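What follows is a single structure, written as structure tokens, with notes after it.
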Amino acid sequence: MPNHPTTLLHLESLSRQITRSDLLAFLHSVAGLDRSRVGRIDLHGGTAVIEIPDGWQARIVKALDGQMLGNRRVRVWAENPPDADDPGRHHFDRLIRLLEQESGAQAQEAAERGRRLSPADAERTGTSLVDLVITDEDTGLGGRYLVQLAKRRHTPLPWNRLSVGSPVVLSPDTSRDATGHRGVVCERTEAFLRVALAGLSDDLAEHETWRLDPSTDEVAVQRQRAALHRACAARAERLAELRDVLLGLRPPEFDRERDEPVLNPGLNDTQREAVRFALTARDVALIHGPPGTGKTTAVVELIRRAVRRGEKVLACAPSNLAVDNIFERLLAAGERAVRLGHPARVLPDLRTHTLDLLVEDHPDVRLARKLVKEALGLFRQADRYTRAKPLPGARQETRREARSLLDDARRLEAQAVEHILDTADVLCATTTALDNDLLGTRRFDLGVIDEACQSTEPGCWVPLPWCRRVVLAGDHCQLPPTVVSPEAAAEGLGVSLFERLVILQGPTVARRLTVQYRMHQSIMDFSSQEFYAAGLLADATVREHVLADLPGVAAAPATQAPIEFIDTAGAGFDEEVEPDGESRLNRREAQLVCRKVQGLLDCGVAATDIAVIAPYAAQVRLLRERLSTPGVEIDSVDGFQGREKEAVVISLVRSNPQGEIGFLQDVRRMNVAMTRARRRLLVVGDSATLSGHPFYRRMIEYFDTRGAYHTVWEEDAEI
């Protein structure tokens, strides 16, 4: 290729059988680019990067994007030459660097945990399970290999964070050097976990006991990195226009509102306004949903209204549970929705609507399976030794016939996938589960990202190349994205795209929901004042409800008062660092919390209606040991994000002469913890330690002004 400026052309969703010669022919026949003008071709798996002459990129992308190459429609985009003055490049280079820091920190944390902790300690922290045996084996979930794991002595599984959908590594308990098998937890009970492995492993019968450890999701990091590169390089296409709005380089545009019927008559005025506003957005809109305000209800209405307009919708969220929440409501409303992603990460009741299982049940695929079986038989026939010498070329012909059958099977399966995706109005997936090979050149009129504040910004860029416009829903006043790397967090990786747009565009692109349907007004008011400019209103159905209104619950101070703060200052409720760990606990505070929970149970409050929240893992473990009542949930703040309980007891743990409160300084954690409660909120903490922070000083004053402040010294503080 002559020495002149070049541009890098990216081709995605390629068949694995495509060669460099195929690509040269494709460029020449479809785009008219002579082979001699094509430079280096890097072909890796289903992607290719090709050097082309600068100035050809727009014409080639227009000619090739969406065209068939082999049996695939390919995605084509051109990488722009570096521009030192491009503000977008600075932004994306920074995000890519922070993403790499975070990925490295996660891998290092996992490695250090494995080196530092003994198997027993790893299990005690809830991150791993050890001394497991395989009690059952099966196939399912789209042909995956399922293993059921239980304790060797058949005791109940200890508390752990390996929930359904968690990526895990299954490895022999007795050998740290053995290769682990990656899988996903697909079922969890008190007695066993079931894990879906990609395929049958040869060594499952060679080891007696096994351990499960959490696994990092390397594919998700790769997809985020690719999405950032793609957005940065976009030129003369819709993604470039959308990117410029999201970076604040041009203002967002809106259409006039249409007079359309509301599909859910139960929506309140602010939900209706938010949906109407989001439907007018040409580029981006935000739906800000404080706790209990029915954000997902508004999101589902938005999606359904877009479908009524004849639009195709891509509905995403950072977590599988959040996606399932939307997906379940869409199915209940009768929408044609399909769930993408690993079936093991989907709630069991919804799995029959996943792409994998729909494909498996498709008549074309059932025929394809028969063709594969027939092809394998022909391969065996061609390889089998026979006494009679086969006719010349007979074996080669048999193999050609077998390969032809496999090609037919692959084509039938691909047609089934295309048919299912084409006939769906809504595709639902986690943001990082979206795959070029699957979605190809599809375009969606609307992309929706629910719980957008729980995703780092790189994760939110993954769906955007497929979307003409996007609506983000979330609440930046609740928990931010989880970031392991302190350096990446300090440089802003914990600032979500939603939060950055709120700061950048403000009310221009956002509408806030204001009517909440969860909390008693006294539980709501402090959060409303601190985080939402006193703008929240409690619906009449919840405004005055208390525990004593529940069937079978006796009237008592603890069941009639919606809020209470118990001050432990000066009573010797000292915190301590967990032995052989870094987390903190408070033994006397845990004892008090257990007594208060027992008081609620004695009044007839159901155990399943009670949650105990502590900001430190060590306190969570201590409370689990001391309060073993089945049904009472005890977890960290993160574990209760997006959930609610009738009664919530919060143990703040920190009690020290220095007034140190650690990560309680991120007051959004407290906003989440307090707003999980529907009818009763009890907070236990040391005012002398907490009041050095203005937020906690105002919180304690709030309880005091409501007549809900007590100390451990007061006799009437007891239930």
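The values are calculated or read from the model by the stated rules, or taken from the named source; none is laboratory data. These figures come from a predicted structure and were not determined experimentally. In this analysis, Cβ positions are derived from the backbone assuming ideal geometry, glycine residues included, and neighbour counts consider all displayed protein chains. What goes into the accessible areas is simple: the full protein's heavy atoms, side chains included, and nothing from ligands, DNA or RNA. Shrake-Rupley method; radii C 1.70, N 1.55, O 1.52, S 1.80 Å.
Odds and ends about this structure:
- Filter result (open to solvent by 50 Å² or more (accessible area, probe 1.4 Å) and touching an Asp or Glu at 6+ places or on another chain (Cβ under 7 Å)) within the range 414-435: Q415
- Contacts under 9 angstrom Cβ, first residue in the range 425-448 being over 23 Å from R16 (Cα atoms), partner of a type in the set (K, R) and part of a helix (DSSP H, G or I), 6 or more apart: V426/R304; T430/R345; T431/R223; R443/R238
- Positions within the range 41-54 being farther than 22 Å from L439 by Cα, surrounded by fewer than 15 Cβ atoms within 10 Å (Cβ to Cβ) and touching a residue at least 12 places away in the same chain (Cβ under 8 Å), in sequence order: D54
- Helices (runs of 4 or more DSSP H) lying entirely in the range 551-638 (those with 3 or more residues that are of a type in the set (G, A, S)): none
- Tally, over the range 80-113, of residues that are buried (at least 16 other Cβ atoms within 10 Å of the Cβ) and at pLDDT below 75: 3
- Options E589, E544; residue that is at negative phi, loosely packed, with under 14 Cβ neighbours inside 10 Å, under 36 Å from the mean Cα position of the chain (by Cα) and in contact (Cβ under 8 Å) with a residue 24 or more places away in the chain: E544
- Given (1) buried (at least 18 other Cβ atoms within 10 Å of the Cβ); (2) in contact with a helix residue (DSSP H, G or I) (Cβ under 9 Å, 6 or more places away or on another chain), index of the condition H28 fails: (1)
- Filtered residue count, the range 120-149, keeping only those that are among the hydroxyl-bearing types (S, T, Y) and at pLDDT 75 or above: 4
- Residue in the range 449-460 that is buried (at least 24 other Cβ atoms within 10 Å of the Cβ) and farther than 24 Å from F640 by Cβ present: yes
- Residue in the range 56-66 that is surrounded by the fewest Cβ atoms within 10 Å (Cβ to Cβ), counting only those that are farther than 16 Å from P465 by Cα and in contact (Cβ under 8 Å) with a residue 40 or more places away in the chain: A58
- Breaking point among (1) within 23 Å of C603 (Cβ to Cβ); (2) open to solvent by 10 Å² or more (accessible area, probe 1.4 Å); (3) part of a helix (DSSP H, G or I), for A673: (2)
- Meeting the requirement of 1 or more residues that are out of contact with any Pro (no Cβ under 9 Å at 6 or more places or on another chain) and aliphatic (A, V, I, L, M), the helices (runs of 4 or more DSSP H) wholly within the range 421-505 are 436-439, 486-490, 497-505.
- Residues that are under 20 Å from the mean Cα position of the chain (by Cα) and open to solvent by less than 10 Å² (accessible area, probe 1.4 Å), drawn from the range 289-314: G289, P290, P291, A298, V299, I303, V313, L314
- Single match in R256, R211, R250, R225 (criterion: more than 30 Å from R194 (Cβ to Cβ) and touching a residue at least 60 places away in the same chain (Cβ under 8 Å)): R225
- Filter result for G70 (open to solvent by less than 20 Å² (accessible area, probe 1.4 Å) and under 35 Å from the mean Cα position of the chain (by Cα)): no
- For the range 624-635, a residue qualifies if it is without any contact (Cβ under 8 Å) to a residue 60 or more places away in the chain and either in contact with a Phe, Trp or Tyr (Cβ under 6 Å, 6 or more places away or on another chain) or within 19 Å of S163 (Cβ to Cβ) (or both), and the qualifying residues are P630, G631, V632, E633, I634, D635.
- Single unsatisfied condition, D638 versus (1) surrounded by fewer than 19 Cβ atoms within 10 Å (Cβ to Cβ); (2) out of contact with any Lys or Arg (no Cβ under 7 Å at 6 or more places or on another chain); (3) without any contact (Cβ under 8 Å) to a residue 60 or more places away in the chain: (3)
- Single residue of Y532, Y517 found to be among the aromatic types (F, W, Y), touching a residue at least 24 places away in the same chain (Cβ under 8 Å) and open to solvent by 30 Å² or more (accessible area, probe 1.4 Å): Y517
- Any hit, the range 312-327, residues being within 21 Å of F444 (Cα to Cα) and free of Cβ contacts under 8 Å to residues at least 24 places away in the same chain: no
- In this entry, N268 passes the filter for residues that are of a type in the set (S, T, N, Q), open to solvent by less than 30 Å² (accessible area, probe 1.4 Å) and at pLDDT 90 or above.
Every residue, every condition in (1) under 23 Å from R223 (Cα atoms); (2) hydroxyl-bearing (S, T, Y); (3) touching a Leu at 6+ places or on another chain (Cβ under 7 Å); (4) at pLDDT below 80, yes or no:
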residue	(1), (2), (3), (4)
D364	no, no, yes, yes
R411	no, no, no, yes
E418	yes, no, no, no
G447	yes, no, yes, no
E451	yes, no, no, no
P458	yes, no, yes, no
